[in-house]
Amino acid sequence: MSSLSVAIIAGGVARRLGGRIKAQIEIVGRPILDALLALVPGVPVIVVTPHPEAFRGLRCVPDVVAGKGAPGGVVTALLSASTEWVLVVAGDMPNLRSAHVEALRAASRDDVEVVVSTRGDSVEPLFALYRRSLGATWLPRLQTNPSLRELIGSVSHARVALDPDALDSINTPEDLARLGGS
């Protein structure tokens, strides 16, 4: 695989968690953000967020089209990247490890535009490798409010089955307690 950057999608409002910035939540004494930054050390990092003050020292960008949720965040990441491939990861996934990234990278091929992780039969589009060129292709499609699954289904992609626990995310106080967060 040629050049790679990481885009952390951290734009959600986290209503069920009192508006907390999920990437700053500590899991077993370590902020999720620190774990995500350690996934692929030494590569450019972009944080797609409306809260740049929470990510000092990192390159932060706001959504290019506001109000489009995760699809808008991914498109923003792709349009903001300077590398051919972008590892997109949600800012609330504390169980990801470098081995999971390597599994995605191993599945990348010249004829594939997205390498997406799966949990059983379900696709997890917020832990996936995307070709940067998809940003310009998908930007006009944001007007129709597509899901990320729809966008991925419209291009050549590979799927990588991961341990379901690797893809856990924090959306509720119960998730936070189950994953050992504070």
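Readers should treat all values here as calculations from the given coordinates under stated rules, not as data from a laboratory. Just so it is clear, the model here is predicted, and its values are computed rather than measured.
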Inset, instruction - For the range 4-178, just the Cα set please: Rg and Dmax, both in angstrom. - result: 14.9, 43
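In percent, what relative contact order does the range 4-178 have, based on Cα pairs under 8 Å that are 6 or more apart in sequence?
It rounds to 25 percent for the range 4-178.
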Inset, instruction - Diagonalise the Cα gyration tensor of the range 23-109 and give the resulting equivalent ellipsoid semi-axes, square root of 5 times each eigenvalue, largest first, whole Å. - result: 20, 18, 12
Inset, instruction - In whole angstrom, note down how far apart the Cα centers of the range 151-180 and the range 47-107 are. - result: 14 Å
Legend entry - Potential lengthening between ARG141 and VAL28 on full extension [0.36 nm per residue; Cα-Cα distance subtracted]: 36.7 nm
Legend entry - Estimated [θ] at 222 nm from DSSP helical runs (n ≥ 4, -39500 (n - 2.57)) normalised by residues in the chain, nearest 500: -6000 deg cm²/dmol
Inset, instruction - Mind jotting down the three principal axis lengths of the range 74-182 based on Cα atoms? Whole angstrom, largest first. - result: 40, 31, 28
